[in-house]
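A.B. asks: Dropping a structure here in structure tokens format, bear with me for questions.
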Amino acid sequence: MGDRDQAIMDALPEAPVTPAADALEGWRSGVVYQVYPRSFSDTDGDGVGDLAGILDHLDYLNDGSPDSLGIDAIWLSPIYPSAGFDSGYDVSDYSAIDRIFGTLADFERLVAEAHRRGIRVILDLVLNHTSHLHPWFVESRASRTGLRSDWYIWRDPAGYSPAGRPRRPNNWVSFFGGPAWTWDATREQFYLHTFLPQQPDLNWRNPAVRAAVLEIIRTWLDRGVDGFRFDVFNAFFKHADLPSNPYRLGGRRAYSRQVHLYDKNQPELVELLAEIRQIVDELPGRMTVGELFEGSVRQAAAYTAPGHLIFDFSLIRQPWSARAFARAIAEREAAFGPGGWPTIVLSNHDQSRSASRYDDGPHGDARVKVAATLLMTLRGTPFLYYGEEIGLRDVAVPWAEIQDPAARRSRFLSSWWNRDQARAPMPWGPGPIAGFSTARPWLRMSPESATRNVASQTADPGSVLSYYRRLIWLRRSRSALSVGSYEEVGIGDASVFAYLRRAADQAALVVLGFGRRAVTVALPESPSGRPWRAVLSTHDPLPPAGDRLELRPLEAVIFVDD
Ligand code: NOJ
């Protein structure tokens, strides 16, 4: 662990080993479903998803019966007015709703209807940067002396080249490629942007910025939201003196060829997080989840607190291997300890979908179901990305159709993945636009939509969706699977990963077969001494009770001992 991690660890209050049975419990036991609003469901026929479309599918998400998916909360990727340079992650008004998604009244209706079904609503707050068109930045760039002149990170040039070109203040680079500094001819200064030049970084050291942002958080809490996902929260503070970062060897992109000592994870963050968390905690049952921007599981664990989760993306990076997952999870468990609470993420709007990463054939869903079992039964709060529940794959988007501006720009600056591929519209049923819209969708549909859609998978008991429903409702009914402790179980075969979950007098044994060959494994003795009984398998029929298991190729089984 680095000194910085240790400092963060020391500064944060230790999470209680046995968390109080209070409102936080929901954030440990619940399943969060990420909606990418643009791609979920379009009701007004403009080819772009909207809030009314989400409302229309709340029953699909959870109507209280096992015929629905059974999730507990939805996280909406940004829905605020935006200039669209980073698909909503460049916000130009934090308190309003972008017209393409609907109105504030639509949002309030969505929250009320979600709450009526016991579904909580989490908003995505993008507070490291605003849009360059946000009135704050427009005012800030207008003069060096105005009211908001110090709301962003402005710096004089570090001298001029012989040709009179201003030199950048330090060596920082943008995550999306190119320098992290853009020259502004009016102020004759550079401004900092960790992402696109259209996403200037806020100056969190300015108390007025801090007050304005905390007010935004209060506004949305007053409007009834249940929590927030904080975009790249660990980049909010930069070192006050803005020193250049040291270089490192080996990274593919300029951003990864630096050690990010000074442009994120600064000690001041700890106190800011405490203040934000205190505001959120004033209301019972609220939560936050911070997106750790390029950090380690140790950092994720250090920033985590009861009711305040942190994404780490270590599981997304694992290849399809029982050993690789077992190792990564052992590392997470060691970092978080029994009192810490991790998140479980296999897919999101920035990454290749898990069904594509693990794809083992054009229509094979066997690995997808094993991955689903992992996602829903590991210790931690699972985040399910829309479409993941039907095994949606990445969709190849030709260059001419690319919408992700970061991808268009970075094509020339660095090798950046086109994130559109993981953002295809949700296929709800058969037909050319698969029930997503009545117009040409903003992004092309998956070529598989005619067969891989919600309606066809609902009708098929062997589908990924039917499996997810059984899995999530099983998780809901067994506290061992949701909030229980975790212990890896050695099962004597390198292609199998198994673990025990325990809560009070309940136990569950999860056996995940990563291999293509059938194997026979010995099951450990159950805590109750009774034989293990299979309650769910990816395959039909369920394996018989007993102390040995004939695991079929790519089979996942969940056992209980009561
Ligand atoms: C992380 C978000 O998930 C990503 O979509 C976005 O481009 C960057 N943060 C910048 O806001």
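A.B. asks: Evaluate the following for residue 46: is it within 27 Å of residue 353 (Cβ to Cβ) and either surrounded by 18 or more Cβ atoms within 10 Å (Cβ to Cβ) or modelled with pLDDT of 95 or more (or both)?
C.D. replies: yes
A.B. asks: Would you mind stating whether residue 107 is surrounded by 23 or more Cβ atoms within 10 Å (Cβ to Cβ) and touching a residue at least 40 places away in the same chain (Cβ under 8 Å)?
C.D. replies: yes
A.B. asks: Is region 380-400 home to any residue that is on the phi > 0 side of the Ramachandran plot, modelled with pLDDT of 90 or more, in contact with a strand residue (DSSP E or B) (Cβ under 8 Å, 6 or more places away or on another chain) and in a loop (DSSP other than H, G, I, E, B)?
C.D. replies: Yes, region 380-400 contains a residue that is on the phi > 0 side of the Ramachandran plot, modelled with pLDDT of 90 or more, in contact with a strand residue (DSSP E or B) (Cβ under 8 Å, 6 or more places away or on another chain) and in a loop (DSSP other than H, G, I, E, B).
A.B. asks: If a residue has to be more than 16 Å from the ligand (Cβ to nearest atom), touching a strand residue (DSSP E or B) at 6+ places or on another chain (Cβ under 6 Å) and charged (D, E, K, R) to count, how many in region 220-243 make the cut?
C.D. replies: So the answer is 1.
A.B. asks: Out of the residues in region 146-159 that are in contact with a strand residue (DSSP E or B) (Cβ under 9 Å, 6 or more places away or on another chain) and of a type in the set (A, V, I, L, M, F, W, C), state the one that is nearest to the ligand (Cβ to nearest atom).
C.D. replies: 153
A.B. asks: Can you pull out the residues in region 385-403 that are under 15 Å from residue 36 (Cβ atoms) and crowded, with 19+ Cβ neighbours inside 10 Å?
C.D. replies: 385, 386, 387, 388, 389, 390, 392, 394, 395, 397
A.B. asks: Within region 160-181, take every residue that is more than 16 Å from the ligand (Cβ to nearest atom) and outside any loop (DSSP other than H, G, I, E, B) and give me the one that is surrounded by the most Cβ atoms within 10 Å (Cβ to Cβ).
C.D. replies: Step by step, filter region 160-181, then rank; the result is 181.
A.B. asks: Output yes when any residue across region 344-354 is within 16 Å of the ligand (Cβ to nearest atom) and among the aliphatic types (A, V, I, L, M), and no when none is.
C.D. replies: Looking through region 344-354, at least one residue is within 16 Å of the ligand (Cβ to nearest atom) and among the aliphatic types (A, V, I, L, M).
Residue by residue, here is whether (1) surrounded by 17 or more Cβ atoms within 10 Å (Cβ to Cβ); (2) in contact with a helix residue (DSSP H, G or I) (Cβ under 8 Å, 6 or more places away or on another chain) holds:
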site	(1), (2)
457	yes, yes
461	no, no
482	yes, yes
500	yes, no
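A.B. asks: Within region 299-324, which residues are of a type outside the set (Gly, Ala, Ser), closer than 17 Å to residue 381 by Cα and in a helix (DSSP H, G or I)?
C.D. replies: 303
A.B. asks: Would you mention how many residues in region 122-151 are within 18 Å of residue 98 (Cβ to Cβ) and in a loop (DSSP other than H, G, I, E, B)?
C.D. replies: Adding up the residues that qualify gives 7.
A.B. asks: Still on this structure, I have one more. For region 416-433, enumerate the residues that are more than 16 Å from the ligand (Cβ to nearest atom), free of Cβ contacts under 8 Å to residues at least 60 places away in the same chain and under 22 Å from residue 347 (Cα atoms).
C.D. replies: 427
A.B. asks: For the subset of region 237-269 comprising residues that are touching a residue at least 60 places away in the same chain (Cβ under 8 Å) and among the acidic types (Asp, Glu), which member is surrounded by the most Cβ atoms within 10 Å (Cβ to Cβ)?
C.D. replies: Residue satisfying both the conditions and the ranking: 263.
A.B. asks: For region 39-70: of the residues being among the charged types (D, E, K, R) and assigned to a loop (DSSP other than H, G, I, E, B), which is nearest to residue 107 (Cα to Cα)?
C.D. replies: Within region 39-70, the match that is nearest to residue 107 (Cα to Cα) is 50.
A.B. asks: Quick check on region 130-145. Is at least one of its residues away from the ligand (no atom under 16 Å from the Cβ), in contact with a helix residue (DSSP H, G or I) (Cβ under 7 Å, 6 or more places away or on another chain) and hydrophobic (A, V, I, L, M, F, W, C)?
C.D. replies: no
A.B. asks: Report yes if some residue within region 320-328 is touching a strand residue (DSSP E or B) at 6+ places or on another chain (Cβ under 6 Å) and within 16 Å of the ligand (Cβ to nearest atom); otherwise report no.
C.D. replies: For region 320-328, residues touching a strand residue (DSSP E or B) at 6+ places or on another chain (Cβ under 6 Å) and within 16 Å of the ligand (Cβ to nearest atom): absent.
A.B. asks: From the residues in region 270-298 that are modelled with pLDDT of 95 or more and within 16 Å of the ligand (Cβ to nearest atom), which one is surrounded by the fewest Cβ atoms within 10 Å (Cβ to Cβ)?
C.D. replies: Out of the qualifying residues, it is 293.
A.B. asks: Sticking with this structure for a sec: Can you name the residue in region 225-259 that is more than 23 Å from the chain's Cα centre (by Cα) and modelled with pLDDT under 95 and is also nearest to residue 215 (Cα to Cα) among such residues?
C.D. replies: 254
A.B. asks: Across region 333-368, which residue is farthest from the chain's Cα centre (by Cα) among those that are in a helix (DSSP H, G or I) and crowded, with 24+ Cβ neighbours inside 10 Å?
C.D. replies: 368
A.B. asks: Kindly indicate whether residue 101 is more than 16 Å from the ligand (Cβ to nearest atom) and either closer than 22 Å to residue 234 by Cα or in contact with a helix residue (DSSP H, G or I) (Cβ under 7 Å, 6 or more places away or on another chain) (or both).
C.D. replies: For residue 101, the condition - more than 16 Å from the ligand (Cβ to nearest atom) and either closer than 22 Å to residue 234 by Cα or in contact with a helix residue (DSSP H, G or I) (Cβ under 7 Å, 6 or more places away or on another chain) (or both) - is met.
A.B. asks: Mind checking which residues of region 79-98 are away from the ligand (no atom under 14 Å from the Cβ), more than 17 Å from residue 221 (Cα to Cα) and among the aliphatic types (A, V, I, L, M)?
C.D. replies: None; the set is empty.
A.B. asks: Continuing with the same structure: Considering (1) in a strand (DSSP E or B); (2) touching a Gly at 6+ places or on another chain (Cβ under 9 Å), say which one residue 473 fails and leave the rest.
C.D. replies: Just one mismatch for residue 473, condition (1).
A.B. asks: Moving on. Hey, could you check region 417-441 for residues that are buried (at least 20 other Cβ atoms within 10 Å of the Cβ) and of a type in the set (A, V, I, L, M, F, W, C) and say which is nearest to residue 68 (Cα to Cα)?
C.D. replies: 428
A.B. asks: Could you figure out which of (1) surrounded by fewer than 22 Cβ atoms within 10 Å (Cβ to Cβ); (2) small (Gly, Ala, Ser); (3) away from the ligand (no atom under 16 Å from the Cβ) isn't true of residue 407?
C.D. replies: Here residue 407 clears every test but (3).
A.B. asks: Let me ask something additional. Out of all the residues in region 91-103, is one or more of a type in the set (A, V, I, L, M), farther than 30 Å from residue 243 by Cα and in contact with a strand residue (DSSP E or B) (Cβ under 7 Å, 6 or more places away or on another chain)?
C.D. replies: no
The values are calculated or read from the model by the stated rules, or taken from the named source; none is laboratory data. All values reported here derive from a predicted model rather than from experimental measurement. Every residue, glycine among them, receives a Cβ derived from its backbone with ideal geometry; neighbour counts consider all protein chains shown.
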